[in-house]
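Taking it in order: structure first as structure tokens, then the write-up.
The values are calculated or read from the model by the stated rules, or taken from the named source; none is laboratory data. Because the structure is predicted, anything quoted here is derived from the model rather than measured. Using ideal geometry, Cβ is built from the backbone for each residue, glycine included, and neighbour counts are taken over all protein chains shown.
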Amino acid sequence: MKIVVTGGNGFIGSNLIRALCARGHEVVSIDDLSTGKEINEVRTASYLYEDIEKISYFEGSEVDVVFHLAALARIRPSFKYPTEYFRVNVKGTEAVADWAKNYQVKMIYAGSSSLHNNPFTSPYATYKALGENIVQLYRQSFNLDAHIARFYNVYGPLEILEGEYASLFGIWRSMMKKGQPLPIIGDGEQVRDFTFVDDIVDGLLKIMDYDGGENNIWELGTGHTYSVNELASLFNDKYKKGTIHLPDVPGNYRESYRMDDKAIELLGWAPKNRIPEYISSL
């Protein structure tokens, strides 16, 4: 199959492209490199360095599937750049959905577990929720074969280690290399479901292969949760650098966990809690 991956130079996108190429698919990435990196590229894939809103210029008559992963991630910087988050995460999603409709390309959208909490607590959560609404609009009004894959705190190889778009795992890995204590926002009792990127990729591939039923929203979380303090304890069992608590920030919701088992029941997806072995491998 011919497959387009938006955000293919990013953390999840580059891991997905590796798996798609290993399957023998023809893969084209569209990424403006705003947060993605050329070093993540796969030799057998093709890369276009363009803004996602320009996807309308891309010939899609031979494309079978588009994975729409391009987005500005993380809650905290969305307060700093709300207009840009809206442009990329909302207008960009509408552009991809409209392009997919015009060429009848199956669309798989990277949603977020953040919408299970009050989405109006941050621009990021609000705009990811709006992205889901756009996908559902095109599915129900234009008969687009569109699916939503909700990610839960993804970690693993090629994650961003520094800067405002780094994840918790990435930041902590960076602090460990520097021999510094692990920063924890707030009291650390907030609960998260952390999902290894290989499991996310496997879920996306199963959604791509899925060809039946009415369900189109897939919760890609392990079902196993940790508080941030518990996770820090696992890191410090090995690195013993301690922690430092920082003031809480807006949008730092208290809990996030998988809301249903449809991905497991209908797709045969089988995620695992890989955190202990991953930490030991660092």
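Restricting Val88, Val96 to residues that are of a type outside the set (Ser, Thr, Tyr), modelled with pLDDT of 95 or more, touching a His at 6+ places or on another chain (Cβ under 6 Å) and closer than 30 Å to Asp209 by Cβ narrows the list to Val96. Of all residues in the stretch 271-282, those that are surrounded by fewer than 16 Cβ atoms within 10 Å (Cβ to Cβ) and more than 18 Å from the chain's Cα centre (by Cα) total 5. Of all residues in the stretch 167-205, those that are free of Cβ contacts under 8 Å to residues at least 40 places away in the same chain and small (Gly, Ala, Ser) total 2.
Answer yes or no: is there a residue in the stretch 187-209 that is among the hydroxyl-bearing types (Ser, Thr, Tyr) and over 19 Å from Glu277 (Cβ atoms). Within the stretch 187-209 (the criterion being among the hydroxyl-bearing types (Ser, Thr, Tyr) and over 19 Å from Glu277 (Cβ atoms)), the answer is no, since none of the residues qualifies.
Could you go through the stretch 13-23 and let me know if any residue there is closer than 21 Å to Leu130 by Cα, basic (Lys, Arg) and in contact with a Leu (Cβ under 9 Å, 6 or more places away or on another chain). Checking the stretch 13-23: not a single residue is closer than 21 Å to Leu130 by Cα, basic (Lys, Arg) and in contact with a Leu (Cβ under 9 Å, 6 or more places away or on another chain). Residue count for the stretch 82-116 under the criterion of being surrounded by fewer than 22 Cβ atoms within 10 Å (Cβ to Cβ), out of contact with any helix residue (DSSP H, G or I) (no Cβ under 7 Å at 6 or more places or on another chain) and either among the polar types (S, T, N, Q) or within 16 Å of Arg150 (Cβ to Cβ) (or both): the result is 4.
Given the residues Glu164, Glu214, which is the only one that is within 30 Å of Asp64 (Cβ to Cβ) and among the acidic types (Asp, Glu)?
Details: Glu164 fails: within 30 Å of Asp64 (Cβ to Cβ).
Answer to the check: Glu214.
Take the residues in the stretch 1-48 that are of a type in the set (S, T, N, Q) and closer than 19 Å to Pro157 by Cβ, then tell me which one is surrounded by the fewest Cβ atoms within 10 Å (Cβ to Cβ). Steps first, answer last, please.
Residues of the stretch 1-48 of a type in the set (S, T, N, Q): 6, 9, 14-15, 29, 34-35, 40, 44, 46.
Next, only the ones that are closer than 19 Å to Pro157 by Cβ stay: 9, 14-15, 29, 35, 40, 44.
Working: Asn9: 25, Ser14: 25, Asn15: 22, Ser29: 28, Thr35: 20, Asn40: 19, Thr44: 14.
Once the filter is applied, the top-ranked residue is Thr44.
Residue count for the stretch 54-80 under the criterion of being more than 18 Å from the chain's Cα centre (by Cα) and surrounded by 15 or more Cβ atoms within 10 Å (Cβ to Cβ): the result is 5.
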